[in-house]
1. Under 5 Å between amide H atoms, partner at least 5 residues away or on a different chain: which partners does Val203 have, H built in plane at 1.01 Å?
2. Counting only heavy atoms of the protein chains, get the accessible area per residue of region 244-304 (1.4 Å probe) and round it to a whole Å² value.
3. Once label points are set 7 Å from the Cα along Cα→Cβ at both Val308 and Ser164, what is their separation, rounded to one decimal in nm?
4. So if R0 is 22 Å, what FRET efficiency would Thr67 and Lys239 give, r being the distance between their Cβ atoms, rounded to the nearest 0.05?
5. In whole Hz, with x marking every Gly and Pro, tabulate ³J(HN,Hα) for region 278-293 from phi via Karplus 6.51 cos²θ - 1.76 cosθ + 1.60, θ = phi - 60°.
6. Output ³J(HN,Hα) for region 248-255: one whole-Hz value per residue in order, computed from phi by the Karplus curve 6.51 cos²θ - 1.76 cosθ + 1.60 with θ = phi - 60°, and x for Gly and Pro.
7. Just list whichever of Lys238/Lys295; Lys104/Lys163; Lys238/Lys306; Lys70/Lys239; Lys263/Lys295; Lys118/Lys306 have alpha carbons separated by over 20 Å in the model shown.
8. In terms of modelled amide H atoms, which long-range or inter-chain residues lie less than 5 Å from the amide H of Leu88?
Amino acid sequence: MAATRGGSGGGATTSGCGLKRRYAPQDHEDRILRTLLLWDMTNEDQHSTEDQCGRFWNGVELLKDATEKKHSLPTGLESIDTLLGGGLRQGQLTEITGPSSYGKTQICLHSASNVAAKQMGVVMYLDTSNSFSPSRVATIIYGTSDQFGQRGFELQPKDARFKSVMRSIICESVFDIFALFEVLHQLEVSLLNDKVNNGGSKVCLLIIDSISSLLAPIIGGKYPQGRSMMISVAMILKKLADEHNLSVLVTNHMVSAGNGAVKPALGESWKAVPHVRLVISRECESNICTATVLKHTLLASGRTAKFVVPS
Ligand SMILES: Nc1ncnc2c1ncn2[C@@H]1O[C@H](COP(=O)(O)OP(=O)(O)OP(=O)(O)O)[C@@H](O)[C@H]1O
C-alpha cells in the first residue's frame, strides 16, 4: 500500500509518487522563513516575471477560465455530485463545514475512494486528526462493512481492487502549520516535475481533513503572524489548484458560538477564501445529513442535497 502515515515532528518522511520531505526541528521563525524561501526559489525557477507579478484578466479570459478549463471530480455521493453540478471542480477550492460527526470526513473519504477507484489520478490526503481509515475506505468501496465483521479490518490478497484504490491514495499525517507548508511545497515541486516530464498519474485531488485543526490554533493571541500564515496557506492552495488544475477539498470544523449555537472554526477572514462552501446539518437521531450550498462560483446558494452517513 502506497499510503503512508508519517509523523510531522521532524526527521524525514517519504510518501508515494516520489514525494519526499525532510526537515530538522528548528525554531518556528526559522521554519517559516525557510519554507517561504523554498516557495520563492521554486517560483523563480519555474515562472515568468508576468506570473510572479500577477496580471489583470479581461472578461473573455474570465469566462473561458470559468467554463472551459475546469472539470469536476465526482465525490461518488450522487446527491452531492448533482448538487455541485458534477462534483469537486478542478482548479477550485471547496470547503465543507459542519459540527462533529456530521459527515465531513465521510465526504472526504468518499471523494478519495471514488477518484482513486475510477483511476482519475492520484489523491493526496492530508490527515490532521487521524481521521483517515482504510477500513472506512474499504466499506465505501464494497458498500458494506460485513466482511470486516467483529475482527476489524483484514486485507486479503484477493482484495486487488482495494489495493489498487489504496495505491492511488497518498495519506500524510500533518499535525502543524509548518509541516503543512513543507508538504505543499513538496507537492508543488512534484507537480512541476510531472508537468516537465509529462508524468502519467499525477495528483488531481488534494484533501485536507481538517484544515481548521491546523489554522484555528494559530489565529489570534499567541501567534501575531497567525493570520498572515493562514492567508499564505489560502494563496498557496488556490495557486496549486489553478496552475495544476487540482481539486482542493478542505474541512472546517465548528466551535461554540455561545447560547448553544455553533460557527465554523475558521471565521470571517477565511470565508472569502473557498470558491465553494458547503455546510452540513444532520437530522436528530438519524443518519441522514443535508449539505447546503453557502457559496458557489456558478450555482445559486441555498440548494440542498441529502446523503447518508454510517450510524
Ligand atoms: N471509523 C468509523 N467507521 C464507521 N463509521 C464511522 C467511523 N468514524 C465515524 N463514523 C461515523 O460516520 C459518521 C460521520 O462521521 P465523520 O467522521 O464523517 O464526521 P465529521 O463531520 O468528519 O466529524 P469530525 O469533525 O469529528 O471529524 C458519524 O455518524 C460517525 O459515527
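1. Those lying under 5 Å, H to H, from Val203 are Val122.
2. Roughly 48 Å² per residue, with all protein chains present.
3. Placing both labels 7 Å along Cα→Cβ, they lie 2.7 nm apart.
4. The pair Thr67/Lys239 has a calculated efficiency of 0.55.
5. 10, 10, 9, 10, 9, 5, 4, 6, 9, 9, 9, 10, 10, 9, 10, 6
6. Whole-Hz 3J(HN,Hα) from phi for region 248-255: 10, 10, 10, 10, 10, 6, 10, 10.
7. Pairs exceeding 20 Å: Lys104/Lys163; Lys238/Lys306; Lys118/Lys306.
8. Leu73, Thr75
The values are calculated or read from the model by the stated rules, or taken from the named source; none is laboratory data. Predicted model only: the values in this text are computed from it and were never measured. Cβ coordinates were reconstructed from backbone atoms using ideal geometry, including for glycine residues, and neighbour counts include every protein chain displayed. Note: areas computed on protein heavy atoms with side chains; ligands, DNA, RNA excluded. Shrake-Rupley method; radii C 1.70, N 1.55, O 1.52, S 1.80 Å.
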